[in-house]
1. Does segment 57-79 contain at least one residue that is under 18 Å from TRP112 (Cβ atoms) and of a type in the set (Lys, Arg)?
2. With respect to GLU91, is the statement that it is assigned to a strand (DSSP E or B), under 13 Å from GLY49 (Cα atoms) and either touching a residue at least 60 places away in the same chain (Cβ under 8 Å) or not aliphatic (A, V, I, L, M) (or both) true?
3. Among the listed residues LEU113, LEU125, which satisfies the condition of being hydrophobic (A, V, I, L, M, F, W, C), surrounded by 14 or more Cβ atoms within 10 Å (Cβ to Cβ) and in contact with a Gly (Cβ under 6 Å, 6 or more places away or on another chain)?
4. Please count how many residues of segment 56-87 are crowded, with 16+ Cβ neighbours inside 10 Å and touching a Gly at 6+ places or on another chain (Cβ under 8 Å).
5. Tell me the residue from VAL29, VAL52 that is of a type outside the set (D, E, K, R), over 28 Å from LYS145 (Cα atoms) and touching a residue at least 24 places away in the same chain (Cβ under 8 Å), please.
Amino acid sequence: MSEYYETTADKFVFKVKKGLLYSKQEVWVAKEGDTLRVGVTDFAQRRGGDIVFAEISKKGTHVKQGEPFGSYETIKVVQDLLSPIDGVITEINPIIESTPEIMNKDPYEDGWLAVMKPESGVEELLSAEEYFELMKVNVAEELKKIRGM
């Protein structure tokens, strides 16, 4: 049994890792004891293209749900990373700033962004199944834009 939900659109396969939580703003969340490891979803990194720069707020920064905790830049766009919860950043992936393309290569493992100590908002996150259904709708909308429909 696969550890991912998958859907194919044109020649692209989009994956949602099972067992994680997700925000509607394309951030995944893995519970690790009393902290949360967060990263950008497979759909978000594919939609943006090759990531060439990433910046995450400093350790100790208090973040609010839905507000930026960093950003990444692709050849197409600069994209804010919106916090999935209210909390404090306790750790930043040390390789993200020097090797941002890891977010494209391995968004659910080595491409993680930060670890956060949650204060609130976890209960509002989507299950992998719920996010997968939302992502399929978003994929279809992106294809319509690309095709000019």
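Every number here is computed from the coordinates shown, using simple stated rules; none is lab data. Keep in mind the model is a prediction, meaning the values are calculated, not measured. Heads up, the Cβs are rebuilt from the backbone with ideal geometry, glycines too, and the neighbour counts pull from every protein chain shown.
1. yes
2. On the way: assigned to a strand (DSSP E or B): yes; under 13 Å from GLY49 (Cα atoms): no; either touching a residue at least 60 places away in the same chain (Cβ under 8 Å) or not aliphatic (A, V, I, L, M) (or both): yes.
No, not satisfied.
3. Numbers: LEU125 fails: in contact with a Gly (Cβ under 6 Å, 6 or more places away or on another chain).
Result of the check over LEU113, LEU125: LEU113.
4. 14
5. Values: VAL52 fails: over 28 Å from LYS145 (Cα atoms).
Result: VAL29 is the single residue among VAL29, VAL52 that is of a type outside the set (D, E, K, R), over 28 Å from LYS145 (Cα atoms) and touching a residue at least 24 places away in the same chain (Cβ under 8 Å).
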